[in-house]
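Undergrad: Take this structure first; my questions come after.
The values are calculated or read from the model by the stated rules, or taken from the named source; none is laboratory data. Values in this document were obtained by computation on a predicted structure and should not be read as measured data. Positions of Cβ are backbone-derived with ideal geometry, glycine not excepted, and every protein chain shown enters the neighbour counts.
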Amino acid sequence: QQGGSGLGLHIVYSCVTQVLQGSIVMSSTPDQGTCFIIRIPLTVQDETSAQPSPGKLN
């Protein structure tokens, strides 16, 4: 009967957007429910390959 702190959805958001490099969208309608759309790419860019190494020209 009491609401939570919302920490669980924050963890989900962080995992989807940062770790999995995806996106999450939520829509909610009173008395109808809530819908989450999570999109995750098939491949995730490695953070180390995303940054050019010092002294290396791309």
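Undergrad: Of the residues that make up the range 25-34, is at least one in a strand (DSSP E or B), surrounded by 10 or more Cβ atoms within 10 Å (Cβ to Cβ), at pLDDT 95 or above and not small (Gly, Ala, Ser)?
TA: No: the range 25-34 contains no residue that is in a strand (DSSP E or B), surrounded by 10 or more Cβ atoms within 10 Å (Cβ to Cβ), at pLDDT 95 or above and not small (Gly, Ala, Ser).
Undergrad: Can you tell me which residue is nearest to residue 46 (Cα to Cα) among those in the range 14-24 that are of a type in the set (A, V, I, L, M, F, W, C) and part of a helix (DSSP H, G or I)?
TA: 19
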